[in-house]
Amino acid sequence: MFSLRRLALAFVLSALALGFIAAPASAQTWPQRPVHFIIPLGPGSGVDITARLFADKLSAKWGQPVVVENKPGGDSFIAITSVLGAHDDHLLLFIPASSFTAHAYLHDKLPYNPADMVPIARVTNTLIAVSVSSQVPVKSLGELVKMAREQPGKLNWASVTGANELLFDAFLKTEKLEMAKVPYKNPVDAANDLAEGRIHSYVSAYAIVRPRIEAGKVTVLALTNNKRAPQYPNIPTAAEAGFPSLAFDGLVGILGTKDVPQAARDRIAADVKAIAADPEIVKKLEATGQVVSPGDGKEFAKEIDEQKAVVMKIGQTLGIKPAQ
């Protein structure tokens, strides 16, 4: 019997050495192959630029390629389900929380279980701007509200599908304003139309409208973020402008599935934090309309829950029941 046990133990050790039996991953052994960041937005977005900056640095740290894949469309369902369905601890979501925290209020049924999404690391806050065409004669959020109130139904607005769209819908209802909604699938198309005056107001990532701001064709009235952006100290938050119902942070981070070992999650969060301390990274991200805000999985999960609570209040304002 003793010799059989020794033989069995020798077989197991040999199998582990040869890679036939998968040992649990640790911070030292993960990653063992290329890591993929899946993004629900197209190339050029603030989140896309952020993911690529971190991918380059993380690849050097991990000794494995970190590949950024854009999977836009389907209200982020394509990206989310591709990760959750793979059950692959090397496949991660690099995603704005607003792209999924409002799903329950936008769809009758979800193709995924939100509980399967595991927060791993908070990375940045995207600056969300409430902007107008420079052809609209207003310079503040208060002036836009006044104009919309005096001319009901004559102004229009746009936003990308998701929490930001619900946010502005609820704002209009709270302020008893009538503005026509113009739907867009591509946020860049909306930014172009805003610059040309075909739409009057737009709620979007600052990065999308920045080139038009610099060209003098778009005016930013306020940021929905809870704190002023250090790189744009003269732009007030919506709450500072007197409209707290428009307060909403552009939370961005990395999520995975329950297949990602805790040791790997901890390593990802720690490495993201280390990279985020690099002044050059901070400078580059600030230029794209991001505020660097690294945090671990628990911190990220807490802020996601807080955002979900805000979205729930928005849903109540609009009379929308969440999907079950």
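Structure values in brief
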| item | result |
| --- | --- |
| Any chance residue 178 is part of a helix (DSSP H, G or I) and assigned by TED's automatic domain parsing to the domain that holds residue 234 | no |
| Residue within the range 302-320 that is part of a helix (DSSP H, G or I), under 19 Å from residue 48 (Cβ atoms), of a type in the set (D, E, K, R) and without any contact (Cβ under 8 Å) to a residue 24 or more places away in the chain present | no |
| Qualifying residue in the range 156-172 (condition: aliphatic (A, V, I, L, M), touching a residue at least 12 places away in the same chain (Cβ under 8 Å) and part of a strand (DSSP E or B)) | yes |
| Any hit, the range 29-51, residues being at pLDDT 95 or above, farther than 24 Å from residue 204 by Cβ and touching a Gly at 6+ places or on another chain (Cβ under 9 Å) | yes |
| Qualifying residue in the range 201-208 (condition: more than 21 Å from residue 237 (Cβ to Cβ) and either modelled with pLDDT under 95 or touching a helix residue (DSSP H, G or I) at 6+ places or on another chain (Cβ under 7 Å) (or both)) | no |
| So residue 217, is it surrounded by fewer than 16 Cβ atoms within 10 Å (Cβ to Cβ) and among the basic types (Lys, Arg) | no |
| Among residues of the range 302-322, those that are closer than 22 Å to residue 46 by Cβ and either out of contact with any helix residue (DSSP H, G or I) (no Cβ under 7 Å at 6 or more places or on another chain) or small (Gly, Ala, Ser) (or both), counted | 3 |
| Subset of the range 30-43 [part of a loop (DSSP other than H, G, I, E, B) and among the aromatic types (Phe, Trp, Tyr)] | 30 |
| Selection count, the range 149-194, where residues are surrounded by fewer than 16 Cβ atoms within 10 Å (Cβ to Cβ), among the aliphatic types (A, V, I, L, M) and within 16 Å of residue 243 (Cα to Cα) | 0 |
| Residue match in the range 280-301 (condition: surrounded by fewer than 21 Cβ atoms within 10 Å (Cβ to Cβ), over 20 Å from the mean Cα position of the chain (by Cα) and outside the structural domain of residue 169 (by TED's automatic domain parsing)) | yes |
| Any chance residue 146 is charged (D, E, K, R), farther than 15 Å from residue 289 by Cα and touching an Asp or Glu at 6+ places or on another chain (Cβ under 9 Å) | no |
| Exclusive hit being touching a residue at least 60 places away in the same chain (Cβ under 8 Å), over 21 Å from residue 307 (Cβ atoms), assigned to a loop (DSSP other than H, G, I, E, B) and among the hydrophobic types (A, V, I, L, M, F, W, C), set 132, 136 | 136 |
| Selection status of residue 236, surrounded by fewer than 19 Cβ atoms within 10 Å (Cβ to Cβ) and in contact with a Pro (Cβ under 9 Å, 6 or more places away or on another chain) | no |
| Residue in the range 100-111 that is surrounded by fewer than 15 Cβ atoms within 10 Å (Cβ to Cβ) and either closer than 30 Å to residue 261 by Cβ or of a type in the set (Phe, Trp, Tyr) (or both) present | yes |
| Residues (crowded, with 17+ Cβ neighbours inside 10 Å and charged (D, E, K, R)) located in the range 239-258 | 249 |
| Residues within the range 142-170 that are hydrophobic (A, V, I, L, M, F, W, C) and within 21 Å of the chain's Cα centre (by Cα), tallied | 7 |
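Residue-by-condition table, conditions (1) outside the structural domain of residue 242 (by TED's automatic domain parsing); (2) modelled with pLDDT under 95; (3) touching a Phe, Trp or Tyr at 6+ places or on another chain (Cβ under 7 Å):
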{"site": "137", "(1), (2), (3)": "no, no, no"}
{"site": "150", "(1), (2), (3)": "no, no, no"}
{"site": "157", "(1), (2), (3)": "no, no, yes"}
{"site": "162", "(1), (2), (3)": "no, yes, no"}
{"site": "165", "(1), (2), (3)": "no, yes, no"}
{"site": "184", "(1), (2), (3)": "no, yes, no"}
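The values are calculated or read from the model by the stated rules, or taken from the named source; none is laboratory data. Fair warning: this is a prediction, and the values are worked out from it, not measured in the lab. When we count neighbours, we look across all protein chains shown, and the Cβ atoms used for this are built from the backbone with ideal geometry, even at glycine.
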